[in-house]
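Structure first, then comments.
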Amino acid sequence: MSDQLHLLISDGLATITIDRPERMNAFLPEMISEMASMASSIANDDSCRVVAIRHVGKHLCTGGDIGDIAEVSLQMPAEREQSFYENLAAEVQPLLRAFLALPQPIVIGARGHTIGLGVQFLLFADLVVASDTLQITLPQVKLGHVFDHGESFLLPRQIGQRKAMELALLGERMNAVDAERFGLINFLVPDAELDARTDDVVNRLLHLPPVALLRSKALMRSSQNADLETQLEAERLHASKCAATEDFVEAMAAFQQKRKPVFTGC
């Protein structure tokens, strides 16, 4: 494991921390691969019920390290074309697939500049807690290329085609207030409250019935590309599976007895 990324699994929570503040948490190629591997290991760990992504310093992530990208610009055109294609296929896009495949809810706390690759983290997260210092930038068009972290798929589905087109064509910055207004973040808080609010959201998830939590996420994810009848069948499947759990029985009993439920994941 590198010094720039840390994974801690404890009491049902998997926490990934991005730790390269001296470079505004810009990602090196090896960090992208390592983060994808972390996601894969979490997906296979039945003890993990919730995933949290945190960062050290004032900025979530300012994209790929410009030094590595600048080196590619010195290549001949055919080499640049091949380098970009192979890098996206082998490293960047597998990272997105790995996190979209996670069955557990993903919570991210974000502050400061979030650029390029960093925006991908907001897009694959299920719940986003943001500081009022958040500044989102998708600058690809201004750098002579296009969305390349899955934004063309996820962004229109989250904020609508019209606003997504604006970001794609103009490459302008979006502040935290607009990010909340267009549905990119769930909770907007003063910067000093970011960590505490993120902890609160994570803890609320950890105290919910695990099976219902995972199936709720699966149901919402499948709805993005399903027709009505397919989605209704999915609801029947997930609802009946939840009804077969002991946590469902406990929830009903706790409600009737006016007490807090104690969920076991069974």
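Going through the stretch 29-42 one residue at a time, which ones are open to solvent by less than 40 Å² (accessible area, probe 1.4 Å) and either touching a helix residue (DSSP H, G or I) at 6+ places or on another chain (Cβ under 7 Å) or closer than 30 Å to THR264 by Cβ (or both)? ILE32, MET35, ALA36, MET38, ALA39, ILE42, listed by residue number.
Please find, among SER240, SER216, the residue that is at pLDDT 95 or above, among the hydroxyl-bearing types (Ser, Thr, Tyr) and over 29 Å from VAL129 (Cβ atoms). Answer to the check: SER240.
Selection of first residues in the stretch 243-266 that are more than 14 Å from ALA212 (Cα to Cα) and of second residues that are modelled with pLDDT of 95 or more and among the basic types (Lys, Arg), restricted to Cβ pairs under 7 Å at least 6 apart or on distinct chains, gives an empty result. Scanning the stretch 171-185 for residues that are assigned to a loop (DSSP other than H, G, I, E, B), of a type outside the set (Asp, Glu) and either farther than 19 Å from ALA125 by Cβ or open to solvent by 70 Å² or more (accessible area, probe 1.4 Å) (or both) turns up just one, GLY171.
Got at least one residue in the stretch 212-229 being touching a residue at least 12 places away in the same chain (Cβ under 8 Å), surrounded by 14 or more Cβ atoms within 10 Å (Cβ to Cβ) and in contact with a Phe, Trp or Tyr (Cβ under 8 Å, 6 or more places away or on another chain)? So far as the stretch 212-229 goes, yes, one or more of its residues are touching a residue at least 12 places away in the same chain (Cβ under 8 Å), surrounded by 14 or more Cβ atoms within 10 Å (Cβ to Cβ) and in contact with a Phe, Trp or Tyr (Cβ under 8 Å, 6 or more places away or on another chain). Scanning the stretch 219-237 for residues that are modelled with pLDDT of 95 or more and under 20 Å from ASN44 (Cα atoms) turns up just one, LEU219.
Considering only residues that are closer than 21 Å to PHE84 by Cα and of a type outside the set (A, V, I, L, M, F, W, C), look in the stretch 132-147 and name the one that is surrounded by the fewest Cβ atoms within 10 Å (Cβ to Cβ).
Here the answer is GLY144.
Restricting attention to the stretch 253-266, report how many residues are in a helix (DSSP H, G or I) and surrounded by 11 or more Cβ atoms within 10 Å (Cβ to Cβ). Selection size over the stretch 253-266: 2. Restricting attention to the stretch 5-28, and to residues there that are touching a helix residue (DSSP H, G or I) at 6+ places or on another chain (Cβ under 6 Å) and of a type in the set (Gly, Ala, Ser), which single residue is surrounded by the fewest Cβ atoms within 10 Å (Cβ to Cβ)? This residue is GLY12. Within the stretch 2-41, the set of residues being farther than 15 Å from LEU96 by Cβ and aliphatic (A, V, I, L, M) comprises LEU5, LEU7, LEU8, ILE9, LEU13, ALA14, ILE18, MET24, ALA26, LEU28. Among residues of the stretch 52-66 that are surrounded by fewer than 24 Cβ atoms within 10 Å (Cβ to Cβ), those with a Cβ under 6 angstrom from a residue that is acidic (Asp, Glu), sequence gap 6+ or separate chain, pair up as VAL56/ASP19.
Evaluation of LEU208 against the conditions (1) open to solvent by 50 Å² or more (accessible area, probe 1.4 Å); (2) under 22 Å from LEU100 (Cβ atoms); (3) in contact (Cβ under 8 Å) with a residue 40 or more places away in the chain; (4) not in a loop (DSSP other than H, G, I, E, B) shows that the sole unmet condition is (4). In the stretch 148-170, the condition of being of a type in the set (Ser, Thr, Tyr) and open to solvent by 20 Å² or more (accessible area, probe 1.4 Å) is met by at least one residue. Being more than 30 Å from SER216 (Cβ to Cβ), open to solvent by less than 30 Å² (accessible area, probe 1.4 Å) and of a type in the set (Phe, Trp, Tyr) is a condition met by no residue of the stretch 80-95.
The values are calculated or read from the model by the stated rules, or taken from the named source; none is laboratory data. Fair warning: this is a prediction, and the values are worked out from it, not measured in the lab. Neighbour counts run over all protein chains shown; Cβ positions are idealised from the backbone, glycine included. Heavy atoms of the whole protein, side chains included, go into the accessibility calculation; ligands, DNA and RNA do not. Shrake-Rupley method; radii C 1.70, N 1.55, O 1.52, S 1.80 Å.
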